[in-house]
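The values are calculated or read from the model by the stated rules, or taken from the named source; none is laboratory data. The model shown is predicted, which means the values in this text are computed figures rather than measured ones. Cβ placement follows ideal geometry from the backbone for every residue including glycine, while neighbour counts extend to all protein chains displayed. In case anyone asks, the SASA skips ligands and DNA or RNA and just uses the protein heavy atoms, side chains included. Shrake-Rupley method; radii C 1.70, N 1.55, O 1.52, S 1.80 Å.
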Amino acid sequence: MQTVTLHLKVQPNAWAWLDQACREVNTAWNWANETSRRAIQTYDDGGRWLSAYDLDKLAVGAGDCFERIGSDVIQRVNAELVTRRIQFRKPVLRFRASGGRRRALGWIPFKAANLRLKGNRLRFMGKSIRLFEMDRFLEHRLMAGAKLGSGNFAQNALGEWFLNVPVQMPYPAGTTFDANGIPQLPVAPIECLGIDLGLKAVVTTSEGQVFEPNRSYRDNEAKLGNLQRAGHKKQAKRLHQKIRNQRQDYNHKLSSALVSQGQWIKIGDVSTAFLGAGTRAKSARDAAHGQLKAFLHYKGHRAGRSVDVVDEKYTTQTCSACLSRTGPKGSTGLRVRQWICSACGASHERDINAARLIKAAAPRCRRPIAGTRELR
Ligand SMILES: [Zn+2]
């Protein structure tokens, strides 16, 4: 089995209910936090560190005091509090405020059994909840052998609610297992795939494929600037979120496509200095590259691929055919997109040449050439 965590947006008609339920969660959290603190700090001998089980026992019947949440949610709150308390080695954690400036972002943990499927909706503590991407939820939930884990509803800074839930799923068809029971996932059609990240093309592969960058930031840049200058904070925030969503969607599709192709995936490490100055546009680009790399890592891992980041130094200057450094050099050389190697006569398109060198950096794919400086 492998675990996939779904992060899906809840439709707005359930937000008010979740806001209310969250107040109850905060009350339960603050009670457990305070009870736990008192048990530790009241006595000089160091007191007693309550376990989640202790807190559950003390909270028996508390579910009846709440309108929306029940004992399952309270138990999940207790478990989370104890986990965090141990993690941060603190006898007392932050108070969860339900209002005011220091309001905690909404959070409602639950057990797998609390989330029921009713037709095209979810049922949670008697409340009907709809998701924007119900298909994605169903696709995972209804897969033979799939099992939901404990998850939560969580809110972002805009007050929107999301469902986060881990799903244990069987491995894809074609998976075999070795003597130790380690899954041997189906292999990709191409053994080694080099990936060059860039500006003009967000991705160029060693196979010569070129992917255009997602334009959501560029298309909305002027509008975003206008909103910010005019002081329309909320609208600007919303537009930012939209750009983020579009970029994420694009990166999901792109990373899935790349992972489906290559078994050994090598990504050129982009030096941000090389990508040039600029403020907002640059940070948007960096964020897009960073996210794409993160997606490639986790999707690659899930599919049994090897994903590595390699140093891409000299990849614009080195000939991928003979490894001589005959390519354009210096900052003026960056503008040169095509060149011919003076040593072997091979003609190169800059980004594809770079992707091939990045691919060659993979230990499995490196060709041993006597007398040449080995690429890292
Ligand atoms: Zn050459």
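Worth a mention:
- Local electrostatic count at R215 - Lys and Arg +1, Asp and Glu -1, tallied over other residues with Cβ under 11 Å: -1
- Residue order for M143, M134, M1 - accessible surface, 1.4 angstrom probe, largest first: M1, M143, M134
- Furthest towards positive pole of dipole, T176, A355, F162, structure part the chain, Cβ charges: F162
- The slack in the chain from T5 to K242, taken as 0.36 nm per residue of separation less the alpha-carbon distance, amounts to 83.1 nm.
- Taken along the Cα-to-beta-carbon direction at a fixed 7 Å, the label points for S306 and C65 span 5.7 nm.
- Surrounding net charge for R141, when Lys and Arg each add one and Asp and Glu each subtract one, Cβ distance under 14 Å: +3
- Accessible heavy-atom area order of V60, V202, highest first, probe of 1.4 Å: V60, V202
- Probing with 1.4 Å while keeping every protein chain in the model, the per residue accessible area of the chain equals 55 Å².
- Computed from backbone phi, the HN-Hα couplings of segment 201-213 come to 10, 5, 9, 10, 9, 5, 8, x, 7, 10, 10, 5, x Hz, rounded to whole numbers (Karplus: 6.51 cos²θ - 1.76 cosθ + 1.60, θ = phi - 60°; Gly and Pro given as x).
- Overall, the accessible surface of the chain at a probe of 1.4 angstrom is composed of carbon and sulfur to the extent of 51 percent.
- Heavy atoms of D45: accessible area, 1.4 Å probe, square angstrom to 10: 130
- Rough spin-label spacing in nm, given labels placed 7 Å along Cα→Cβ, for F88 and K253: 4.0
- Ellipsoid equivalent to segment 1-150 - semi-axes via the Cα gyration tensor, in Å: 31, 18, 14
- Principal axis dimensions, largest first and in whole angstrom, of segment 148-268 by Cα: 64, 43, 19
- Listed residues I40, G99, L148: farthest to the positive end of the dipole of segment 2-168 (Cβ charges): G99
- Cβ-based net charge around A113, under 13 Å, with every Lys or Arg adding one and every Asp or Glu removing one: +4
- The modelled label-to-label distance for the pair I182/L105, using points 7 Å beyond Cα in the direction of Cβ, is 3.6 nm.
- Segment 201-262: trypsin sites (Lys or Arg not before Pro) in DSSP coil with no more than 15 other Cβ atoms inside 10 Å: R215
- In the chain, excluding the sites themselves, the longest stretch lacking any of the GluC sites (Glu not before Pro) that are in a DSSP loop with at most 12 other Cβ atoms within 10 Å is 68-373.
- More than 25 angstrom apart: percent of Cα pairs within the chain: 67
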